[in-house]
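Participant: Below are the structure tokens for one structure; questions will follow.
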Amino acid sequence: MLRSPLFHTDPELSHTCAYLSESSGGLTLTPDRMNSDHNAVYIKTNLFDPIKYGLDASFRLTNFTELKGCGCKVPRDQLLKLLENLNEAPADRGNSHQNGQHNGAKQRGTNGEKSAYDSSLSAIGVGLDSCLIPLRHKGLYLVQTTDFFYPLVDDPYLMGKITCANVLSDIYAMGVTDCDNLLMILATSQKFTPKERDIIMPLIIQGFKDCAAEAGTSVNGGQTVINPWVTIGGTASAVVRSEDVIMPEDAEIGDVLVLTKPLGTQIAVNAHQWLTTNPERAEKVRAIVPDESIRQAYRRAMYSMTRLNRNAARLMHQFSAHAATDVTGFGLFGHAENLVRNQHNSVNFVIHNLPIIANMAVVSRTFPGFGLLQGNSAESSGGLLVCLPRDRAAGYIEELRRLDGTPAWIIGTVEEGDRRVVWSEKMRVIEVPSGDEDLTAFCGI
């Protein structure tokens, strides 16, 4: 059960909804596009102001953690080593499917090797976006994922939305578009005053709940505890049939790689925090770009992170995607490497382009520790990396832009190889939005 007190909601949200209704005029918007536009309006007009809630002006949610968002992840190689024993299929599971209900028994784990138990799909264990487990009921599978992290933005309502979108992205990467249930994982900080707790935690919960509603699901359980750091996360579960899933294993030579959100969220949120908390780093940033450019990058990062990957997952079916993953804590390179290692065919992923939130590439050159230009910078609630037939990619990108109002990019190719990620020597950085790109790509943020 979700053990939380009955919290009030943000009194400002009704104003935001009214503003959106007036500003959208006679436009016909899909529900998903309306949700994206709602997020944009909120970010432009209604970001959390601690003074409005009777808190000290210096209150910052990000001060209640020492790590941000998906930057808290254990490094990928260490994680896989720690969890390698979990890849073994339980002995009784193998026996439970010998009744002919499932055919072609297989399980796929982190290293691409298979161990036998019956299923018409390859079961997926540790190391990819979600587990895929055949159920006792013929033809049904459980797709499930858990994720949690620490605050990376100072607006608690948006932090709730970002968290929910991040949790759901793991099942979207499997082509699963409908979540049957969400559990919420919460920890309130023991450093909060009672007043801070009773203001901040309800807003986080409301943001998570609202994002779940946008995704067509709801929160029906979870756990709330006290912890030194604020913690937010959840578990997403879906019961599916085989046709609902796109297995992350069928990339073909000649495919292209499409990325549905820009990179650079981690450095954007850090640079924004430095403006008020780290004078030394702030001075280095200001020597490169003005404060307003950092604030704009921060707003664009928040907008990107609150946007669901649901339409991107739907279109994977329509445009015959061969494999996908979401780009989060291990960065573009890490997640691409996980995906390419899981392919049936002997292929390489060759990355040619890096779409990055405007001005963050130049900042990253001053702070190379993030590894942004090497694909190692953590992303939170990042985009899907999708393997598509070359002749279907343009249609996928065009339709996603129609539905979400945001661009996607062909960033690489699938070529013959030995299951590695290859960084092109002529790597091109794409500023997002670019100077000649319609600024409505970010709803004017």
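Participant: Around Thr217, what is the net charge, scoring Lys/Arg as +1 and Asp/Glu as -1 over all other residues with Cβ under 13 Å from its Cβ?
Facilitator: -2
Participant: Once Lys and Arg get +1 and Asp and Glu get -1 on their Cβ, which of Ser380, Asn270, Tyr303 lies farthest toward the positive end of the dipole of the stretch 262-401?
Facilitator: Tyr303
Participant: Once you order the gyration tensor axes a ≥ b ≥ c over the Cα atoms, which shape class does the stretch 321-430 get: rounded for a/c under 1.5, otherwise prolate or oblate by comparing a/b with b/c?
Facilitator: oblate
Participant: What distance in nm separates the simple spin-label points at Leu142 and His344, each placed 7 Å from Cα in the Cβ direction?
Facilitator: Label-label distance for Leu142 and His344, simple model: 2.7 nm.
Participant: Oh, and also: About the Cα centre of the stretch 161-273, how large is the charge dipole given +1 on each Lys and Arg Cβ and -1 on each Asp and Glu Cβ? Please answer in debye to the nearest 20.
Facilitator: Taking the Cα centre of the stretch 161-273 as origin, the dipole is about 840 debye.
Participant: Between Val422 and Phe192, how high is the FRET efficiency from 1/(1 + (r/R0)^6) when r is the Cβ-Cβ distance and R₀ = 45 Å? Nearest 0.05.
Facilitator: The calculated FRET efficiency here is 0.45.
Participant: By how many nm would the segment from Asn278 to Glu243 lengthen if fully extended, with 0.36 nm per residue of separation less the alpha-carbon distance?
Facilitator: Full extension from Asn278 to Glu243 adds 7.5 nm.
Participant: If you don't mind, there's one more thing I want to ask. Rounded if a/c is under 1.5, else prolate if a/b is larger than b/c, else oblate: which is the stretch 191-336, with a ≥ b ≥ c the root eigenvalues of its Cα gyration tensor?
Facilitator: Oblate.
Participant: Among Thr224, Phe208, Ile294, whose Cα projects farthest towards the positive end of the dipole of the stretch 207-327, with charges put on the beta-carbon of Lys, Arg (+1) and Asp, Glu (-1)?
Facilitator: Positive-most Cα among the choices belongs to Ile294.
Participant: Please sort 47-58, 391-402 by packing, taking for each peptide the average over its residues of neighbouring beta carbons within 10 angstrom, highest first.
Facilitator: 391-402, 47-58
Participant: Continuing with the same structure: Could you report the accessible area of His137 in Å², rounded to 10, computed with a 1.4 Å probe on the protein chains as they sit in the structure?
Facilitator: Looks like 110 Å² after rounding.
Participant: Related question: For Val225 and Arg60, what does the FRET efficiency come to when R0 = 25 Å and r is the distance between their Cβ atoms, rounded to the nearest 0.05?
Facilitator: For R0 = 25 Å, the calculated efficiency reads 0.70.
Participant: Moving to a separate point now. Report the FRET efficiency, 1/(1 + (r/R0)^6), for Ile288 and Leu135, where r is their Cβ-Cβ distance and R0 is 60 Å, rounded to 0.05.
Facilitator: Working from the Cβ atoms, E equals 0.65.
The values are calculated or read from the model by the stated rules, or taken from the named source; none is laboratory data. Just so you know, these numbers come straight off a predicted model, no measurement behind them. Reconstructed Cβ throughout: ideal geometry from the backbone, glycine too, with neighbour counts over all protein chains shown. In case anyone asks, the SASA skips ligands and DNA or RNA and just uses the protein heavy atoms, side chains included. Shrake-Rupley method; radii C 1.70, N 1.55, O 1.52, S 1.80 Å.
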